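A quick write-up on the structure given underneath.
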Amino acid sequence: MSTVRRPDHRNEHRAARGGHATGLRHVLTHLITPLLMCIGMGLAYLGAFAHPAPHHLPVAVVGQGRSAQLLAQSINDKAGGDLDVRTVGDRSAAVERLKHQDIFGAYVISAHGAHGAHGAKGAKSEAGTGGTADATVAKGASHGADRASHGADRAGEAGAAGALSASAGTSSAGGAAGPGKPAPELLVATAASDTSATVVQKVFTPVAAQQGAPLKVTDVAPTAEDDPTGQGIFFLLVAISIGSYASVAVIGGAGAVLPLRLRAALALGTSFVVGLIGTAFAGPVFHLVDHGLGGLWGMAWLYSAGILLIGTGLHTFLRRWTTLGVMTLFVMLNFTSSGGIFRPEMQNGFFAALHSFWNGAGFVEGTRSHVYFDGYGLSGHVWTLVWWLVVGLVTVGAAALAEKRRRTAEAEAAAHAAAVAAAAVAATVPDPAPERSGRPVRTAGGAAGAGQGPAEAAAELAGEREQEMEEAVGV
């Protein structure tokens, strides 16, 4: 008995090992997707956020005359492309440019720094004592901007270094910044970017220190009270994005049996609901936005609909790789280029370029413009979202054509297979011959024996051939 069972036992083990190997290959193949996600997320997030540094960050020096130009030029020369410093004639013009997001900081020179205290005598002092003060201020500013490329913290350290390096001229600067001199003022707009405002403040703090007065910071575009950093809009983007691309997996997977037009309708309906959820979070739930909720919902719907339509269309082509593809488009490249944490002026060229046309940037900047900047530049951001919606519609259209061609090809293949099977069955069934025993001849058109007519014989023969064909094709 043992000699009989041993081969069976070996065969069972061999079959089990074969099944385990097949299952292991299946699991390892599917593990490729999360591993690629890990690599992609690391490259995207660390590449975009690990070393923030200003790149041509636009700021302004507010003032007229030689002192303002000297300060701006000195900072530009020492910054080496990290800052883009220009001069603005007066404070109101600087505020206007901040609200248009043309600049992200404006340093207002106090009145005595630009002109003398007493008419022509003061004008002459601009080239004497006042000029010395201006040179000292510019020297401190240049050292402060020299290391601004290393980020906000390094910018503060550079400002301190600049202050120490200019200590030899502090007495003359202090003379210019007498007790009656107004404190220098820095204008920022935290609603545009809290991180950019922080960098600008750390760059200009040592400049004010050289004038012997503390820096007064004025926020001309503050954020909502319940969103002090302004980054709540970014996390709203994250919530809407997850609701959108996660729904793509459900519509593409569970809804694969549905026609594409129904899947597209489901995508549009889901985006409607996702937009409402996002608006509720921004308004009554967390109070990130205190007005303009209707416009916010419109942008949320456009943003979500674009993601859902693109993902639904891509599922036809990518199949099980759809999740990786959608995450690459709308997480890895999208969140990092949105400007919600760091504006493009604080990122490298790749993510700064994506910011100009990616849909996440359109939503974040559009929401900022709508809520905090009186709609300035809003139309351009809305058009960005509209174009992504158009891309989604085109993707769905391409998927519809591909699925139609696939169905046609499958139908032709099935018809061809059926024809081949029928021909094979017909070839294996010999034509019946008359039997010598006196039995009736089974032919489609011949006469039947034993009282069976031609119609009955043909029907019986057809039934037998149909049964043989079903057995041949496995029905």
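The values are calculated or read from the model by the stated rules, or taken from the named source; none is laboratory data. Being a predicted model, the structure only gives us computed values, none of them experimental. Using ideal geometry, Cβ is built from the backbone for each residue, glycine included, and neighbour counts are taken over all protein chains shown. Each accessible area value is taken on the protein alone, full model and side chains, heavy atoms only, with ligands, DNA and RNA left out. Shrake-Rupley method; radii C 1.70, N 1.55, O 1.52, S 1.80 Å.
Values for this structure:
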read-out: Distance in nm between pseudo-label sites at TRP321 and GLN69 (7 Å out along the Cβ direction from Cα); value: 6.0
read-out: Candidate residues TYR303, TYR372: accessible-area rank, largest first, probe 1.4 Å; value: TYR372, TYR303
read-out: Amide H partners (placed H, <5 Å) of THR218, local residues excluded; value: LEU186, LEU187, VAL188
read-out: Extension gain, VAL429 back to HIS100 (0.36 nm per residue minus Cα-Cα distance, nm); value: 109.9 nm
read-out: Shape call, segment 217-335: gyration tensor on alpha carbons, a/c limit 1.5; value: prolate
read-out: Spatial separation of Cα centroids for segment 37-58 and segment 317-369, in angstrom; value: 12
read-out: Å² of accessible area per residue within segment 265-359, as computed with a 1.4 Å probe and no ligands counted; value: 36
read-out: Rounded FRET efficiency, nearest 0.05, which uses the C-beta distance separating LEU46 from ARG405 and R0 of 41 Å; value: 0.45
read-out: Amide H contacts under 5 Å for VAL88, placed H, 5+ residues apart; value: VAL61, VAL62, GLY63
read-out: Segment 368-376 - phi-based ³J(HN,Hα) in whole Hz, Karplus 6.51/-1.76/1.60, Gly and Pro as x; value: 4, 4, 5, 8, 10, 10, 6, x, 5
read-out: Probe 1.4 Å - accessible area at THR270, Å² to nearest ten; value: 40
read-out: Gyration tensor verdict on segment 253-310 (Cα atoms; rounded if a/c is under 1.5, prolate if a/b is larger than b/c, oblate otherwise); value: prolate
read-out: Label-point separation in nm, ARG261 to ASP77, each point 7 Å along Cα→Cβ; value: 7.1
read-out: Gain upon complete extension [SER356, SER92; 0.36 nm per residue less C-alpha separation]; value: 92.2 nm
read-out: Segment 274-283 - phi-based ³J(HN,Hα) in whole Hz, Karplus 6.51/-1.76/1.60, Gly and Pro as x; value: 4, x, 5, 5, x, 5, 5, 4, 5, x
